[in-house]
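The values are calculated or read from the model by the stated rules, or taken from the named source; none is laboratory data. In this text, all values refer to a predicted model and were calculated from it rather than measured experimentally. Counting neighbours? That spans all protein chains shown, and the Cβs are built from the backbone with ideal geometry, glycine included. For the accessible areas, the whole protein counts, side chains as well, though only heavy atoms, and no ligand, DNA or RNA atoms are used. Shrake-Rupley method; radii C 1.70, N 1.55, O 1.52, S 1.80 Å.
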Amino acid sequence: SLKSLGSDLSMFVDKPEDVLQKLAGPQSIVICQEEVTSEELNVDKAVSKGLHKVDSKLVKVWGPTLYHPDDLPFSMDNLPEPFTVMRNTLEKRAKVEVRELLPDPKLPAANQADGSLKDVPSLEALGFSKEEISEMQTQDEDKRGVM
């Protein structure tokens, strides 16, 4: 857990590029999962630009798929379609070995002054009306939930 590593979870209500720029000190490295959709890529660009202003950088690590793009027997530009053709190609030609685990990170202590769990915003602060909150609290459990 984060606490066992001497850190904590912090929550912020703002744009990632603004929050991370404020939190990062000079020469900081912010590590995140590499994304693929245009909206997420735009946020990544904004975060990277903001971090650059404070002499820090964003490092992205691949993680959203079962196969790392470097392990595919074809380039992402030549992805076989439809899915069945791609799957069959992978099953026949991919030589994938499990990658080594990354070492546990050295985490800084949580920023207790701003964003620590004690500062979790209320539903009202997030823009929900009293009626919406009451309705959420009285609804039957959503069986699709995974929490």
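For Ser75, state whether it is at pLDDT 70 or above, out of contact with any Ser or Thr (no Cβ under 6 Å at 6 or more places or on another chain) and within 26 Å of Val36 (Cβ to Cβ).
It is true that Ser75 is at pLDDT 70 or above, out of contact with any Ser or Thr (no Cβ under 6 Å at 6 or more places or on another chain) and within 26 Å of Val36 (Cβ to Cβ).
Looking at the range 1-111, what helices (runs of 4 or more DSSP H) fall wholly within it and have at least 3 residues that are out of contact with any Gly (no Cβ under 9 Å at 6 or more places or on another chain) and over 30 Å from Glu124 (Cα atoms)?
Counting at least 3 such residues, we get 38-53, 83-93.
Of the residues Ser48, Ser10, which is modelled with pLDDT under 85, farther than 30 Å from Met86 by Cβ and of a type in the set (Gly, Ala, Ser)?
Of the residues listed, the single one that is modelled with pLDDT under 85, farther than 30 Å from Met86 by Cβ and of a type in the set (Gly, Ala, Ser) is Ser10.
Please enumerate the residues belonging to the range 56-76 that are open to solvent by 90 Å² or more (accessible area, probe 1.4 Å) and closer than 13 Å to Gln27 by Cα.
Lys57
Just one of the numbered conditions (1) at pLDDT below 75; (2) over 24 Å from Ser4 (Cβ atoms); (3) under 25 Å from the mean Cα position of the chain (by Cα) is not true of Phe128; which one?
Status for Phe128: all satisfied but (1).
Would you mind telling me which numbered condition in (1) open to solvent by 100 Å² or more (accessible area, probe 1.4 Å); (2) within 25 Å of the chain's Cα centre (by Cα); (3) in contact (Cβ under 8 Å) with a residue 12 or more places away in the chain Arg93 fails?
All conditions are met except number (2).
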